[in-house]
Amino acid sequence: MTAPSAGPPQAGAHPLGGSGAVHRDRGASDLELAIDVRGLSKSYGNRKVVDGVDMQVATGRIVGFLGPNGSGKTTSLRMLCGLLTPDAGEGKVLGLDFRRQAAEVKRQVGYMTQKFGLYEDLSIRENLDFIARLFSMENRKQAVDDALERLGLKSREKQLAGALSGGWKQRLALAACLLHKPRLLLLDEPTAGVDPKARREFWDQIRQLAQEGITVLVSTHYMDEAERCDELVYIAYGRVLARGTAASVVQEAGAKDLEDAFVKLVGQATDNYSEAH
Ligand SMILES: Nc1ncnc2c1ncn2[C@@H]1O[C@H](COP(=O)(O)OP(=O)(O)OP(=O)(O)O)[C@@H](O)[C@H]1O
Ligand SMILES: [Mg+2]
């Protein structure tokens, strides 16, 4: 695996191969890192909102990205997919220099924004077709048909996106970010406000995608979703406080469960942050 953290204090087990992970048969290629970035930082004004984050995610893994509101998750995800320029940080995303080859990274990453970003006055099919055009995809119709089929959207293809419930909107958003066959998905709170059944179906999709070799970094505030991840990265005040499997994070924090672990971790971080500022 990679070099130890150069930045903030980091607790928790090693993100790769930690005990308690969801084990599946893995070949040599599984040891490759889809994300291998160190020292990711971003300031707005004089406030560092992402402060030396290291992120390593092995190919085909599902890594949960957790942290309180305003802790820097969205900012980090946007830097990793090449949409936002970091102040500092080096490394690779999908084997590409994520800063110097940001345009190529963008083409190979599927990014699902925290807020629904599609056109509410276009139908499901029209939205997907529009995105396929943006990516200048060949076989556009086939790609759209495949995405509709995969996400169970075929029977609703003519419905306006704006008329969909939260769960269906989220499926459409996932279909949209899968269209160009990305190897890495960066999903920003994809299930916020979605009912439990739709969330479960969404996670079944995510697991299926991971089994096909797609790597997933997903932010969430839901503890049941955190439990479904192979590994977790927990940040507060822009710094990684814990990483590893859910079991190892709980154990390291001396907590009774994940929620308890995060409450403890953020409590300590808040004390430290208040002292320093
Ligand atoms: N464009 C911007 N200009 C100024 N400050 C910003 C900007 N974008 C984000 N911030 C600030 O950076 C901090 C981190 O924001 P970010 O959206 O990354 O947090 P988050 O962890 O995704 O939070 P949430 O869980 O609420 O989505 C917040 O304090 C936010 O107000
Ligand atoms: Mg966010």
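For helix 196-211, what angle does its Cα long axis make with the longest principal axis of the chain, in degrees from 0 to 90 and rounded to 10? It is inclined by approximately 80 degrees. When only alpha carbons are used to place a centre, the range 92-107 and the range 161-194 end up 22 Å from one another. Think of the chain as having a plus end and a minus end, set by charges on the Cβ of Lys, Arg, Asp and Glu; of Gly254, Pro68, Gly82, Gly82 sits farthest toward the positive end of this dipole.
Would you please put 246-253, 225-232 in order of how densely packed they are, using the mean number of other Cβ atoms within 10 angstrom per residue and starting with the highest? Each step should come with its number before you reach the end.
On the way: 246-253: 20.8, 225-232: 22.4.
In descending order of packing, they fall as 225-232, 246-253.
If you take the Cα centroid of the range 207-277 and the Cα centroid of the range 30-70, the two points sit 12 Å apart. In terms of packing, defined here as the mean over residues of other Cβ atoms within 10 angstrom, the peptides 69-78, 43-52, 141-150 line up highest first as 69-78, 141-150, 43-52. Largest GNM mean-square fluctuation among Ala163, Ala175, Ala192, using the chain with Cα springs under 10 Å: Ala163.
Full extension of the segment from Ala255 to Lys106, taken as 0.36 nm per residue of separation minus the current Cα-Cα distance, would add 49.8 nm. Backbone phi angles across the range 117-128, fed through the Karplus curve with coefficients 6.51, -1.76 and 1.60 (θ = phi - 60°), yield HN-Hα couplings of x, 8, 7, 6, 9, 10, 6, 4, 4, 4, 4, 5 Hz in residue order; Gly and Pro are listed as x. Percent of Cα pairs in the chain per distance bin of 5 Å, from zero to the largest separation: 1, 6, 13, 17, 19, 17, 13, 8, 5, 2, 0, 0.
Per the helix-only calculation at 222 nm, which mean residue ellipticity applies to the chain, given -39500 (n - 2.57) for every DSSP H run of n ≥ 4 and division by its residues, nearest 500 deg cm²/dmol?
Rounded to the nearest 500, it is -11000 deg cm²/dmol.
If Rh is defined by the Kirkwood formula over all Cα pairs and Rg also comes from Cα, what ratio Rg/Rh do you get for the range 39-196? A ratio of 0.99. Placing unit charges on the Cβ atoms only, positive for Lys and Arg and negative for Asp and Glu, gives the range 28-276 a dipole magnitude near 660 debye about its Cα centre. Of the residues Val266, Phe130, Tyr237, the one whose Cα sits farthest toward the positive end of the charge dipole of the chain, with +1 on the Cβ of Lys and Arg and -1 on the Cβ of Asp and Glu, is Phe130.
Bear in mind that the values in this text are calculations on the coordinates, not laboratory data. Being a predicted model, the structure only gives us computed values, none of them experimental. Every residue, glycine among them, receives a Cβ derived from its backbone with ideal geometry; neighbour counts consider all protein chains shown.
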